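One structure below.
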Amino acid sequence: MAERRVIMAGEAARLLNISEATVRNWVRHGYLTCVPGTRKAYLHSDVIRLKKQLAAGSIDRLNQRANKLRLRRTITPSEYAGSADLVGMAEALCRRFAGAGLDLEKTLFVLAARLLEIKNEVRVRNGADVFSVRAFTHWRRLSLKREMTDWLRELKSRPTGRGAGYADIFRSLDRVGHADLLGFIYQSLLFEGRRSGQGLYYTPVELLDGVFDGPCSGGRFLDPCCGTGQFLVHAAGRGYRPEDLYGLDLDPIAVRLARINLLLAFADQEFSPHIFVADFLDPKAASCRGQRFEMIATNPPWGAVFTPARRKKLRQAYPFIASGESFSFFLAAALEALERDGRLSFILPESFLNIRAHHDIREHLLSHASLTSVTFLGRRFSGVLSPVIRLDAGKHLPAKTARTRVIIENGRVHAVPQARFLKNGHRTIDARLTETEAAVIKKIYDFPHVTLNGAADWGLGIVTGDNRKYVTDKCRQGMEPVYRGKDIEPYRLKKPGAYLRFTPERFQQTAPEQKYRAKEKLVYRFISRRLIFACDNSGALTLNSANILIPKLVGYPVKAVLGVLNSRVCGFVFLKKFHTHKILRGDLETLPLPLLGATQLKRLADLVDRAMAGEDVGDAIDGLIMTVLGLTEEQRRVVLDATRPG
C-alpha cells in the first residue's frame, strides 16, 4: 500500500531538501521516526507529512533553524534599492501581498502594467479588470503589447484569482525610482529559502561600475543568468544595439521582467528581445549556445542546489569541476562561449580566490584565460555574509610578464604578476598580496621551518543540533563549562558563559571525547578574520565555534606553537595568503613555524607563560620571531602595518 511505502535516508533528504546528517538529527530530536528495526529507513507518508508541516510553518523549531532552504520569510534587498523611500514602498507592498494571499506572478503582471502606464507606454482603463485585454488601450509600441498580451494569455491558462487585492497593488505603485523596479519588487516578494536555494541574489547597480569600461566593441553580449536584466540594461546604456544583446535564465518570471526592462531601455525602438528561458549549462537547451560572444558578464548563482539528474549531466559535461559549485560551471561554460580574445566579467564570492575546494576552476581559468583585473567589493548582498569580488578576464593566455590589476575596497590599486598564481599551492589567486608583501612572505618561508601538516590532532567543537535545548548560561547539576569562539582570547580562555551536560549520543556531532579531555591542547576561534589561539589544560569542552588543535611536533613545545600562531608574523601570512573569515585546518597546516634554537624556544615559552597569566607581552613575542627570521626594519613595518588592529 502507498501509505506503507518505505524509503531510505537519501530519498528522505531529497524530499525534505536537507542533508542526510540533518535527517539523522531530526530523528534524534523526534521530528521523524525510523521504521522499527531499522536505522535509516522511513515511511514515505511520514516524510511527506513532515514536509507539509514545514511548508505550513507549523514546527517552530525547524522553521527557525539555520537551513535557509526552509525559511519562509522575505528580505527586502536594500542594497538593490538605492533609496530608503523605495525600501519603504516595497515593504508596504509585501505586507499587502502577504495579507491578501495573492499570487506572485499575477502580482508582478499587475505591477508591470502599472509601470508601463506610468511610462506612458499604455493606458489602463479606470476600474477595469487588469487581467482583461480590454483594460489596455493606446499602446505606444507593438513590441510591448505583444509581451504583455503573451504574458496575460499564459496567466489566463490558470485560475485568474481576481480580486480587490490586485487592484490595491495596482494603485499602490505611484512612482518608478529604479531602473529595475520590477526586479527589486520581485526580489522583495521572494521567500528567502527560494532565493538561497537557487542562488537568486540580484546585482546592486554600483557593482556594475567598471564592467563596461572602454568603448563598446559592437559585438554580441550575453548575460547567461540574466535575472531581470540589470547587466543587459547597462549594456544598452553603453552603446550596444538591441540585436546584439542576449540573455538567458531558468526563471520564467525573471525572463518576462527582463524582456520588459530591455524594451524600456530602448524607449523608441520596436524589437523582440533575445532573452529566453534556457539553461546556459546545457548546450542542447540553450537558445544561443551555438553562437560566440565578444563579451559575457553576469552574477551567476552561488551554491545553487542541483537535482541529481542535472548534477550528473553537469559532471559529464565538465568533468574537471570536482566541487559541483554552480558558479564554477558558469565560468567554464562562459569561456567556451567566448570568441577568441573575448572577455568575461563575473561577480563572485571572494572565497573563489583562495578556498581549496575551488582550485579546479582556478586551474581551468588560469590555463585558458588571462586575468585582467580583480576588484574587491566587500559585503554587498542582504542575508549573505560572503564578501564579493568582480573578476575580469580575456580568452587568451597571458604573456609571461602579464600582470593582473587589483583594486582593493579602500581604493588602493596594485598589479600582481599572473605567473605567481600558477606557482601557488592549489592555484590560489592571492591578489591582495603586493609584490613587497610577497617578498616578505617568501623570506618567512625560506627560513627553516616546520608545519602542522601530519603533525597534529584536530577536533571540531560540539554541534548539539539545538543549543536552546542543551546549552544554558547557568551551571546546573551534572553540567560543565563549554567554551564558544567568543570566549577565546589570545593565549587564554575567558570566564565560561555557557554550560551543558555532555551527552554525545544526543548531539548532532562531536569529536572523540579524548580530544576535549587532552591534558594540553590549543583551542581557536573558527569564525574570525585573524588567528586567535588559547591554551587549555583543564580538559574543557568547546562548541563548534571553537575548534581544537593538539600539536605533535618533536622538539617544538605546545606553548611555542601557541606563541607563533598568535604572533603578528603568522597572522600576516594567514591574512595575506587566505583572507577568509573561517580558520580552516587546511590553511593552518601550511603556516610556517620557524625552527628555533633551544635558547630561543625557552625565551618564547617564558613569554607565552606570561601572556597566559595576563601580561601584555605581544610586542616582545613579535620582536623575538621577527629577529629570528632576520626581517629588516622595512619588512617589519610591512608586517605590522598589515596586521594593525582595526
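The values are calculated or read from the model by the stated rules, or taken from the named source; none is laboratory data. From a predicted model like this one, the values you see are computed outputs, not experimental measurements. Methodologically, a virtual Cβ is constructed for each residue, glycine included, from the backbone with ideal geometry; neighbour enumeration extends over all protein chains shown. What goes into the accessible areas is simple: the full protein's heavy atoms, side chains included, and nothing from ligands, DNA or RNA. Shrake-Rupley method; radii C 1.70, N 1.55, O 1.52, S 1.80 Å.
Kindly indicate the residue of the stretch 554-574 that is aliphatic (A, V, I, L, M) and open to solvent by 20 Å² or more (accessible area, probe 1.4 Å) and also farthest from PRO645 (Cα to Cα) among those meeting that condition. Here the answer is VAL554. For VAL233, the requirement of being modelled with pLDDT of 70 or more and under 22 Å from the mean Cα position of the chain (by Cα) is not met. Listed by first and then second residue, the pairs linking a residue in the stretch 297-325 that is farther than 22 Å from GLU363 by Cβ and at pLDDT 90 or above to a residue that is hydroxyl-bearing (Ser, Thr, Tyr) and open to solvent by less than 80 Å² (accessible area, probe 1.4 Å), with Cβ atoms under 9 Å apart and 6 or more places separating them unless they lie on different chains, are ALA297/SER345; ASN299/TYR201; ASN299/TYR202; ASN299/THR203. The set of residues in the stretch 210-263 being surrounded by fewer than 23 Cβ atoms within 10 Å (Cβ to Cβ), closer than 19 Å to ASP392 by Cα and of a type in the set (D, E, K, R) consists of ASP213, ARG220, ARG238. Taking the stated definitions as given, is PHE266 under 24 Å from ILE321 (Cβ atoms), open to solvent by 10 Å² or more (accessible area, probe 1.4 Å) and out of contact with any strand residue (DSSP E or B) (no Cβ under 8 Å at 6 or more places or on another chain)? The answer is no for PHE266. Based on what the data block shows, is LYS577 over 21 Å from ILE488 (Cα atoms), out of contact with any His (no Cβ under 7 Å at 6 or more places or on another chain) and at pLDDT below 95? It is true that LYS577 is over 21 Å from ILE488 (Cα atoms), out of contact with any His (no Cβ under 7 Å at 6 or more places or on another chain) and at pLDDT below 95. Considered as a group, the residues in the stretch 484-513 that are closer than 26 Å to ILE621 by Cβ and open to solvent by less than 30 Å² (accessible area, probe 1.4 Å) include one that is farthest from the chain's Cα centre (by Cα), and that residue is TYR491.
Scanning the stretch 578-593 for residues that are within 17 Å of LEU631 (Cβ to Cβ) and surrounded by 22 or more Cβ atoms within 10 Å (Cβ to Cβ) yields one hit, LEU591. Scanning the stretch 88-135 for residues that are without any contact (Cβ under 8 Å) to a residue 60 or more places away in the chain, touching a helix residue (DSSP H, G or I) at 6+ places or on another chain (Cβ under 7 Å), among the charged types (D, E, K, R) and part of a helix (DSSP H, G or I) yields one hit, ARG114.
Can you tell me which of ALA13, ALA9, ALA81, ALA90 is crowded, with 17+ Cβ neighbours inside 10 Å, more than 26 Å from the chain's Cα centre (by Cα) and modelled with pLDDT under 80? Within the list ALA13, ALA9, ALA81, ALA90, the selection yields ALA9. Residues in the stretch 481-506 that are over 21 Å from LEU607 (Cβ atoms) and touching a residue at least 60 places away in the same chain (Cβ under 8 Å): PRO481, VAL482, TYR483, ARG484, GLY485, ARG506. All of LEU553, LEU562, LEU591 fail the test of being part of a loop (DSSP other than H, G, I, E, B) and either aromatic (Phe, Trp, Tyr) or in contact with a Cys (Cβ under 8 Å, 6 or more places away or on another chain) (or both), apart from LEU591.
Filtering the stretch 226-280 to residues that are of a type in the set (D, E, K, R) and within 21 Å of VAL205 (Cα to Cα) leaves ARG238, ARG241, ASP249, ASP251, ARG256, ARG259. Residues considered: PHE352, PHE376. Of these, the only one that is of a type in the set (Phe, Trp, Tyr) and more than 15 Å from PRO300 (Cβ to Cβ) is PHE376. Yes or no: the stretch 54-77 includes at least one residue that is modelled with pLDDT of 70 or more and in contact with a Ser or Thr (Cβ under 9 Å, 6 or more places away or on another chain). There is no residue in the stretch 54-77 that is modelled with pLDDT of 70 or more and in contact with a Ser or Thr (Cβ under 9 Å, 6 or more places away or on another chain).
Kindly check whether there is at least one residue in the stretch 36-45 that is more than 30 Å from PRO387 (Cα to Cα), hydrophobic (A, V, I, L, M, F, W, C), in contact with a strand residue (DSSP E or B) (Cβ under 8 Å, 6 or more places away or on another chain) and at pLDDT 70 or above. The answer is yes; a qualifying residue exists.
Note on the stretch 162-205: residues that are surrounded by fewer than 16 Cβ atoms within 10 Å (Cβ to Cβ) and modelled with pLDDT of 75 or more total 4.
Note on the stretch 535-550: residues that are in a strand (DSSP E or B) and in contact (Cβ under 8 Å) with a residue 60 or more places away in the chain total 9.
For the stretch 602-626, a residue qualifies if it is open to solvent by 60 Å² or more (accessible area, probe 1.4 Å), part of a loop (DSSP other than H, G, I, E, B) and farther than 13 Å from CYS535 by Cα, and the qualifying residues are GLU615, ASP616.
Residues in the stretch 353-380 that are basic (Lys, Arg) and touching a residue at least 40 places away in the same chain (Cβ under 8 Å): ARG356, ARG362, ARG380. Those residues that are outside any helix (DSSP H, G or I), open to solvent by less than 10 Å² (accessible area, probe 1.4 Å) and of a type in the set (Val, Ile, Thr), I need them from the stretch 305-364; list them, please. Those that are outside any helix (DSSP H, G or I), open to solvent by less than 10 Å² (accessible area, probe 1.4 Å) and of a type in the set (Val, Ile, Thr): ILE321, ILE347. Count of the stretch 115-132 residues, restricted to those that are within 14 Å of LEU144 (Cα to Cα), open to solvent by 50 Å² or more (accessible area, probe 1.4 Å) and more than 40 Å from the chain's Cα centre (by Cα), is 1.
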